[in-house]
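Take a look at the structure set out below.
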Amino acid sequence: SQKIEQNSEALNIQEGKTATLTCNYTNYSPAYLQWYRQDPGRGPVFLLLIRENEKEKRKERLKVTFDTTLKQSLFHITASQPADSATYLCALEGGGSYIPTFGRGTSLIVHP
Amino acid sequence: EAQVTQNPRYLITVTGKKLTVTCSQNMNHEYMSWYRQDPGLGLRQIYYSMNVEVTDKGDVPEGYKVSRKEKRNFPLILESPSPNQTSLYFCASSSRLAGEDTQYFGPGTRLTVL
């Protein structure tokens, strides 16, 4: 069955460092992958989308990579700030399906 | 302001009492969907709609109904709620015609079924 894995353990880092979050998937051929940010009790907010034929995408301090051979996406936040503390979700969709599959998310905690 | 609104934001009800959670978007999006989010299980899609009068089941449709009579509205109906439907519910919309499936989520509805 299709499966998306994100690290269930919270990632704790120091302010100013680069945070790297991982999204691995199996039994899936996604057309694209998305990353969302979610704050407690609030709806997810879209951050970045990367397509299967793209290897890297950037937006300000954010960078996403997509390796369809490794079946993995990495999400980087450079010069992290305490305000970046949140849960980050990856979502995959493709193969003609209109049902995006979300990972369970990884909590990021940036310490001042 | 582009947004997805949901009502109510919080609801406590009893088993078997029919309820409706409304969802509305002002972005003229074709695609709308409902998710539930439970601890340890993440976001799971309940139903989605590709356009007016077109709806289909997601991963966890049992116990739910939806309708899409107008493009902007996509209500979620629980005909006979049960305690296992206690959850945080999100409505989302997106425009697939642009080729970019950016989903805009509502603020959530926290439902408790006693």
Solvent-accessible area per residue for segment B:2-93 (1.4 angstrom probe, square angstrom): 47
Cα-Cα pairs of chain B separated by more than 21 Å (percent): 30
The protein assembly as shown - Rg and Dmax from Cα coordinates, angstrom: 17.6, 52
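Taking a probe of 1.4 Å and counting only protein heavy atoms, give the total accessible area buried between chains A and B in Å², rounded to the nearest 100. Display every interim value, and only then the final one.
On the way: alone 6620 and 6210 Å², together 11130 Å².
Protein heavy atoms only, the A-B interface buries about 1700 Å².
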Solvent accessible area, Å² - B:H29, 1.4 Å probe, full protein context: 20
Within straight-line cross-link reach of B:K65, aspartates and glutamates at Cα separation under 12 Å, skipping those fewer than 8 residues along the same chain: B:D56, B:E79
Simple Cβ-charge dipole of chain A, Lys/Arg +1 and Asp/Glu -1, about Cα centre, in debye nearest 20: 120
Chain A: C-alpha gyration tensor shape, a/c 1.5 cut-off, then a/b vs b/c: prolate
Pairs from A:K17/A:K57; A:K57/B:K69; B:K18/B:K57 whose Cα-Cα separation, in the structure shown, is over 26 Å: A:K57/B:K69
Shielded by partner chains, segment B:30-48 residues - at least 10 Å² of accessible area, 1.4 Å probe, vs chain alone: B:Y31, B:Y35, B:Q37, B:G40, B:L41, B:G42, B:L43, B:Q45, B:Y48
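Under the definition of partner shielding as Cβ atoms of other protein chains within 10 Å of a residue Cβ, what is the mean value for peptide B:102-108? List each step's numbers first, then the result.
Details: counts 6, 10, 4, 7, 2, 3, 5.
Mean number of neighbouring Cβ atoms from other chains: 5.
When the accessible area of the protein assembly as shown is computed with all protein chains present and a 1.4 Å probe, what percentage of it is carbon and sulfur? Each step should come with its number before you reach the end.
On the way: 5490 of 11130 Å².
Of all accessible area on the protein assembly as shown, carbon and sulfur atoms account for 49 percent.
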Net charge of Cβ neighbours under 9 Å - reference A:K57; Lys, Arg +1; Asp, Glu -1: +3
Probe 1.4 Å, protein heavy atoms only - accessible area per residue of chain A in square angstrom: 51
Reachable aspartates and glutamates, given that their alpha-carbon falls under 16 Å from the alpha-carbon of A:K63 and they are not under 8 places away in the same chain: A:E52, A:E54, A:D84
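The values are calculated or read from the model by the stated rules, or taken from the named source; none is laboratory data. These figures come from a predicted structure and were not determined experimentally. Counting neighbours? That spans all protein chains shown, and the Cβs are built from the backbone with ideal geometry, glycine included. In case anyone asks, the SASA skips ligands and DNA or RNA and just uses the protein heavy atoms, side chains included. Shrake-Rupley method; radii C 1.70, N 1.55, O 1.52, S 1.80 Å.
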